[in-house]
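Q: One structure is given below, represented as structure tokens, and several questions about it will come after.
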Amino acid sequence: MSDYSRSAFESAKRGAGTLLTGAVSALVIMVGVLGVMWGVEIVDYMLNGTLDHQFGIVGWDPDGLLGIVFAPFLHVGFGHLMANSLPLLILGFLAALRGVGKFLAASAVIIVIGGFGTWFTSPGVITVGASGLVFGYFGFVVARGLFDRRILDIVIAIGVAIAYYSILWGLLPNQQGISWQGHLFGLIGGVIAAWFLRRKRPESPYPAY
């Protein structure tokens, strides 16, 4: 085996090892997040939905700003949580593949932008649920493929766009009981997160003309 072939093999081996490590970490994180959500919903069920009213986002209410942090972990019943669980697991897993640090930063951006946007555009309405995160991770994964332009990220972005394009109907304000505001601003937060966390390319040593 030539030195070039050996170097290419070692590089590919390291890349596969890094991807495998990232996949395991991403899976552990998302299983943990969903475990917390299910645990919270069990407690909320035992309290007859008290947590939703106390810790949900309440539009235009200063006290309701606290819900920006807690609302993604609350749901209106187990049916609501089950509807969010699978897409959250898949999209969150794909969002976390590139590292825990970037995933946590992206999640924070999505939660803050999605939460403030929902609070500002939903006067008097209590909003709970992880669907804002689902839309945020969708936007993050697709936009990451556009901004970073790594082959793997582009392939993942295309696959996610094809598999989950139908969720974009959730952006329309014509579904009673569904927070299109949370969906919209979660998606915006995901795209913004992908932009700020994009791969920084080295500057060219040659002047531009």
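Q: Read through the list (1) part of a helix (DSSP H, G or I); (2) in contact (Cβ under 8 Å) with a residue 24 or more places away in the chain, then give the number of the only condition that Ile154 fails.
A: Result: Ile154 passes all but (2).
Q: Looking only at the range 89-141, how many residues end up being basic (Lys, Arg) and either outside any loop (DSSP other than H, G, I, E, B) or in contact with a His (Cβ under 9 Å, 6 or more places away or on another chain) (or both)?
A: Counting residues in the range 89-141 that are basic (Lys, Arg) and either outside any loop (DSSP other than H, G, I, E, B) or in contact with a His (Cβ under 9 Å, 6 or more places away or on another chain) (or both) gives 1.
Q: Among (1) without any contact (Cβ under 8 Å) to a residue 60 or more places away in the chain; (2) among the aliphatic types (A, V, I, L, M); (3) surrounded by 18 or more Cβ atoms within 10 Å (Cβ to Cβ), there is one condition Ala96 misses while meeting the rest; what is its number?
A: Exception for Ala96: condition (1).
Q: Which number in (1) surrounded by 17 or more Cβ atoms within 10 Å (Cβ to Cβ); (2) closer than 26 Å to Val160 by Cβ marks the one condition that Gly79 misses?
A: (1)
Q: Next question. Quick one: how many residues across the range 146-202 are of a type in the set (Ser, Thr, Tyr) and loosely packed, with under 13 Cβ neighbours inside 10 Å?
A: Number of matching residues: 2.
Q: Here's something else I'd like to know. Check Gly32, Gly59, Gly22, Gly39 and return the single one that is modelled with pLDDT of 95 or more and either surrounded by 14 or more Cβ atoms within 10 Å (Cβ to Cβ) or in contact with a Leu (Cβ under 6 Å, 6 or more places away or on another chain) (or both).
A: Gly59
Q: Which residue, of Ser131, Ser85, Ser122, is within 27 Å of Gln176 (Cβ to Cβ), crowded, with 22+ Cβ neighbours inside 10 Å, touching a residue at least 40 places away in the same chain (Cβ under 8 Å) and polar (S, T, N, Q)?
A: So the residue among Ser131, Ser85, Ser122 that is within 27 Å of Gln176 (Cβ to Cβ), crowded, with 22+ Cβ neighbours inside 10 Å, touching a residue at least 40 places away in the same chain (Cβ under 8 Å) and polar (S, T, N, Q) is Ser131.
Q: Does Leu81 qualify as being in contact with a His (Cβ under 6 Å, 6 or more places away or on another chain) and part of a helix (DSSP H, G or I)?
A: For Leu81, the condition - in contact with a His (Cβ under 6 Å, 6 or more places away or on another chain) and part of a helix (DSSP H, G or I) - is met.
The values are calculated or read from the model by the stated rules, or taken from the named source; none is laboratory data. Every value quoted in this text rests on a predicted model; they were computed, and no experiment measured them. Positions of Cβ are backbone-derived with ideal geometry, glycine not excepted, and every protein chain shown enters the neighbour counts.
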